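Working notes for the structure below.
No lab work stands behind these numbers, since they all come straight from the coordinates. Predicted model, so just to flag it, every value in this text is computed and none were measured. Cβ placement follows ideal geometry from the backbone for every residue including glycine, while neighbour counts extend to all protein chains displayed.
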Amino acid sequence: MALYEHVFLARQDLSQAQVDALAAAATEIVESNQGKVTKTETWGLKNLAYKIKRNRKAHFVMLNIEASGDVVAELERQTQINEDIIRYVTIRVDEHEAGPSVMMRKTDRERSRRREREGN
């Protein structure tokens, strides 16, 4: 089984519950094809560098996947069909990152800096 990171961007007008449902649907696709999702991270609503399909912001979600190439091909096929997902990328990796991803650590740092400024 190969290791992959799958990141998708969902439309800005979706609620957090709808974004979570998209992540659950992706997990279901992988698990129904004998793959395994080891970690799911929702990075939140972020600004985009440029408009994508008339969206200035998007919800970012990352999945760590253990699966064969056929499972990833099916996941990408289903992702392309979904109108709520405006972009996606799947990358094969040698090993999954232990603990929170760089994006999650970045938001934690920003929160702690904000708290420090408010306290002073």
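Summarising the label geometry, the points placed 7 Å from Cα in the beta-carbon direction at L3 and R87 lie 2.5 nm from one another. Rounded to the nearest 10 degrees, the inclination of helix 102-119 to the longest alpha-carbon principal axis of the chain is 20 degrees.
For T90, what is the net charge nearby, where nearby means another residue's Cβ is under 12 Å from its Cβ and Lys, Arg count +1, Asp, Glu -1?
Neighbourhood net charge equals 0.
Computed from Cα positions, the angle between helix 69-81 and the longest principal axis of the chain comes to roughly 60 degrees. Pairs of Lys residues in the chain are counted when their Cα atoms are under 26 angstrom apart and they lie 8 or more places apart or on different chains; the count is 6. So what is the orientation-averaged projected area of region 2-119, using the convex hull of its C-alpha atoms, in nm²? Convex hull of Cα atoms, orientation-averaged projection: 8.3 nm².
Treating the angle as unsigned and between 0 and 90°, give the value, to the nearest 10°, between the Cα long axis of helix 16-32 and the longest Cα principal axis of the chain. Result, in degrees: 30.
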